[in-house]
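K.L.:
Take a look at the following structure, please.
The values are calculated or read from the model by the stated rules, or taken from the named source; none is laboratory data. Predicted, not measured: the structure shown is a model, and the values here were computed from it. Here the Cβ is made from the backbone with ideal geometry for all residues, glycine too, and neighbour counts use every protein chain on show. Accessible surface areas use protein heavy atoms only, side chains included; no ligands, DNA or RNA. Shrake-Rupley method; radii C 1.70, N 1.55, O 1.52, S 1.80 Å.
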Amino acid sequence: MSRLLARWRGRVAGGVVLAAIGYGLAVALDFDPRPLPYVVWAVVVLAMTYLVVDTVDVPAAQWRTGPPPADRVDEVTSDLRILTSHRSADHPSDALARRLVELARARDPGLAEEIQHETTDGGRLSPGDIDRILTRIEDLRDRR
């Protein structure tokens, strides 16, 4: 802290000396400077100069990438989008079936094969079918 304070004391003293020399030159050259506007002008110019000097040697900002989020917010949002799209589409895609198979495969590859076989017709899955498949996946997890 004392190093920072010493640097600012030096800057303020240097600024006062520069402003005084400039004011003396303006008087000597018969510019008739007014003291208050000159002081305001000197403070603004010195502040801008010090801001530029302080930012010149600072390294450019870098984005830091952290660890992946521990929660499933993005995954849940994606799942909700898939469900909503499946329910509202005239011709639903197989995205919901693929997601259900993926969920099952994370728990048991055999169950994933069964679910894939059940959902290969490409038609719309009813809410009851979706619930039944999800219940089977959850039951498998609860048994472990």
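K.L.:
Can you list the chymotrypsin sites (Phe, Trp or Tyr not before Pro) in the range 1-108 that are in a DSSP coil and have 11 or fewer other beta carbons within 10 angstrom?
P.N.:
Sparse-neighbourhood loop chymotrypsin sites (Phe, Trp or Tyr not before Pro): PHE31, TRP63.
K.L.:
ARG9 to VAL56: FRET efficiency via 1/(1 + (r/R0)^6), r the Cβ-Cβ distance, R0 22 Å, to the nearest 0.05?
P.N.:
Once rounded, the FRET efficiency stands at 0.55.
K.L.:
At VAL45 and SER2, where each label point lies 7 Å from the Cα along Cα→Cβ, what is the point-to-point distance in nanometres?
P.N.:
About 3.5 nm separates the two model spin labels.
K.L.:
Leaving out ligands and nucleic acids, and using a 1.4 Å probe, what accessible area per residue does the range 1-135 come to in Å²?
P.N.:
Here the residues of the range 1-135 average 79 Å² of exposed surface.
K.L.:
Right, something else. For mean projected area of the Cα convex hull in nm², which listed value, (i) 8.6; (ii) 12.1; (iii) 19.7, comes from the coordinates shown?
P.N.:
Among (i) 8.6; (ii) 12.1; (iii) 19.7, the one derived from this structure is (iii).
K.L.:
So what does ASP30 come to for accessible area, using a 1.4 Å probe and Å² rounded to 10?
P.N.:
Answer for ASP30: close to 110 Å² accessible.
K.L.:
How much of LEU80 can a 1.4 Å solvent probe reach, expressed as accessible area in Å² and rounded to 10?
P.N.:
The accessible area of LEU80 comes to roughly 110 Å².
K.L.:
Right, next: Kindly provide the trypsin sites (Lys or Arg not before Pro) of the range 7-112 that DSSP labels as loop, not H, G, I, E or B, and whose Cβ sees at most 14 other Cβ atoms within 10 Å.
P.N.:
Answer in residue order: ARG64, ARG72.
K.L.:
When the accessible area of the range 1-94 is computed with all protein chains present and a 1.4 Å probe, what percentage of it is carbon and sulfur?
P.N.:
68 percent
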